[in-house]
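The values are calculated or read from the model by the stated rules, or taken from the named source; none is laboratory data. Just so it is clear, the model here is predicted, and its values are computed rather than measured. Every residue, glycine as well, gets a Cβ built from its backbone with ideal geometry; the counts of neighbours run over all protein chains shown.
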Amino acid sequence: MKHTTFFILGLVTAATGANAGGMDRTGQSIAPIFENGTYVELSYGSVTPSVSGTLGVGSGSMAPSYNRIAGAYKRDLSETLSMALIIEQPFGADVDYPTGTGYALAGSNAKVTTTGVTALLRYKLSDRFSVHGGIKHLTTHGEVELPFAGYAMSTTTESDWGYLIGAAYEIPDIALRASLTYSSGTDIKFTATETLSGVGTVASELDVTLPQSVNFDFQTGIAADTLLMFTARWAEWTSTTITPVLYTTYVDPGENLVDHSDDTISYSLGIGRRFNEKLSGSVSVGYEKTYGGVSGNLSPTDGYTSVTAGLKYQINTQTALSGGASYVWIGDTTTSIAGNTTDFSDNSAFGFGFKLSHTF
């Protein structure tokens, strides 16, 4: 089924993760480990959200645009053993309430940045069964500023480790592959420096766990040159809380700066089609449930529905250029400010991305 697997796109559809549960941005795919031979890819994505709420006056769009860069390298070490190295920015957050709006949180901002490196091995037990596993290294930094409360916090940049393990079943003749991957949570011990007007500056330990997750990926040929693709991802975001000392003591006593009331499950279903020897394409829909309830002011979204379209052009037998675009309908939610309810509705995001890949 060489002609079927030829167009398994792996497109850079950045927007599909733009508003996934918690701070998910990539879904932590391990797709490069299943590529043939020695393989390398570089990708770029850009996401432009439009997220605003109303409490008497409008907040203005509080979710800035952001970019993502990623890369991967895969090679066979023997007939049964292969390795892959994946570099990405798996988690992140960008919040920036515009000034001059009269909104209660005007000027408030927050940012979380991460860089993840995953080293992965795959061992083929037979033509159909394989197991994979590896380690992941995550570098993380966060900061927040709340002018209305005279509060600011910044963390140290920390580097921490986790692991992943999984298995896959394949029927190459029909391009079928089902893989299941568990990724451990990452426990981070920051030193957080907080400043609060009237109190002063305090440095203290801040423990944060980024969630464990399970990814299920499935594909199969359903007709000549046509592929069905399905993915599901569960992430335990209820384990992620951010509780700086001054914030929880003085700014909002007894409450967390960030927490999550629900774990998340994200789905994607798509069709890929090879049009000719050079060109193939795909379309997919994504979904994450809206759970309801009150969301945090630093993450005023609740679930999403998305549509993604992509094309892949085979420049030559070894090199391909892929591109994709996504539109996301962000789930409506409400937040609370001093007991008053803010309505965040009719929000969206647009993203696009490109990937250059080469097989040696």
(message) assigned to a strand (DSSP E or B), closer than 18 Å to residue 92 by Cβ and out of contact with any helix residue (DSSP H, G or I) (no Cβ under 7 Å at 6 or more places or on another chain): which single residue out of 190, 230 fits that description?
(response) 190
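Does segment 191-204 include one or more residues that are under 23 Å from the mean Cα position of the chain (by Cα) and surrounded by 15 or more Cβ atoms within 10 Å (Cβ to Cβ)?
Taking segment 191-204 first, the residues under 23 Å from the mean Cα position of the chain (by Cα) are none.
No, there is no match, as no residue in segment 191-204 is under 23 Å from the mean Cα position of the chain (by Cα) and surrounded by 15 or more Cβ atoms within 10 Å (Cβ to Cβ).
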(request) Could you please let me know if residue 284 is in contact with a Phe, Trp or Tyr (Cβ under 6 Å, 6 or more places away or on another chain), buried (at least 20 other Cβ atoms within 10 Å of the Cβ), small (Gly, Ala, Ser) and closer than 30 Å to residue 224 by Cα? (result) no
(message) Checking the structure you have, find out if any residue of segment 149-167 is outside any loop (DSSP other than H, G, I, E, B), closer than 21 Å to residue 241 by Cα and modelled with pLDDT under 95.
(response) yes
(message) Against the conditions (1) more than 21 Å from residue 45 (Cβ to Cβ); (2) assigned to a strand (DSSP E or B); (3) of a type outside the set (Gly, Ala, Ser), where does residue 305 fall short? Just the number, please.
(response) (1)
(request) Of the conditions (1) buried (at least 17 other Cβ atoms within 10 Å of the Cβ); (2) outside any strand (DSSP E or B); (3) not basic (Lys, Arg), residue 127 clears all except one; give me its number. (result) (1)
(message) Against the conditions (1) touching a residue at least 12 places away in the same chain (Cβ under 8 Å); (2) more than 22 Å from residue 251 (Cβ to Cβ); (3) not basic (Lys, Arg), where does residue 338 fall short? Just the number, please.
(response) (2)
(request) Mind listing just one residue for me: the one in segment 241-275 that is in a loop (DSSP other than H, G, I, E, B) and surrounded by 20 or more Cβ atoms within 10 Å (Cβ to Cβ) and, of those, modelled with the lowest pLDDT? (result) 260
(request) Would you check which residues across segment 228-238 are at pLDDT 95 or above and surrounded by 17 or more Cβ atoms within 10 Å (Cβ to Cβ) and list them? (result) 229, 231, 233, 234, 235, 236
(request) Name the single residue, out of those in segment 21-42 being assigned to a strand (DSSP E or B) and of a type in the set (Asp, Glu), that is farthest from the chain's Cα centre (by Cα). (result) 41
(message) Need the failing condition index for residue 306 against (1) touching a helix residue (DSSP H, G or I) at 6+ places or on another chain (Cβ under 8 Å); (2) crowded, with 21+ Cβ neighbours inside 10 Å; (3) under 23 Å from residue 142 (Cα atoms); (4) among the hydroxyl-bearing types (Ser, Thr, Tyr), just the number.
(response) (3)
(request) Specify the residue that is surrounded by the fewest Cβ atoms within 10 Å (Cβ to Cβ); the eligible residues are those in segment 330-360 that are over 17 Å from the mean Cα position of the chain (by Cα), assigned to a strand (DSSP E or B) and hydrophobic (A, V, I, L, M, F, W, C). (result) 337
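Considering 327, 313, which residue is within 16 Å of the chain's Cα centre (by Cα), part of a strand (DSSP E or B) and at pLDDT 90 or above?
After applying the criteria, what remains is 327.
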(request) Kindly provide the set of residues from segment 99-124 that are surrounded by fewer than 17 Cβ atoms within 10 Å (Cβ to Cβ), in contact (Cβ under 8 Å) with a residue 24 or more places away in the chain and within 30 Å of residue 54 (Cβ to Cβ), ordered by number. (result) 101, 102, 107, 113
(request) Could you give me the residue pairs with C-beta distances under 8 Å whose first residue belongs to segment 21-33 and is within 13 Å of residue 82 (Cβ to Cβ), whose second residue is modelled with pLDDT of 90 or more and of a type in the set (Phe, Trp, Tyr) wherever it lies, and which are 6+ apart or on separate chains? (result) 32/39; 32/73
(message) Anything in segment 243-286 that is polar (S, T, N, Q) and within 21 Å of the chain's Cα centre (by Cα)? List them, or say none.
(response) 261, 264, 266, 268, 282, 284
(request) Could you grab me the full set of residues in segment 102-124 that are among the hydroxyl-bearing types (Ser, Thr, Tyr) and assigned to a loop (DSSP other than H, G, I, E, B)? (result) 103, 108
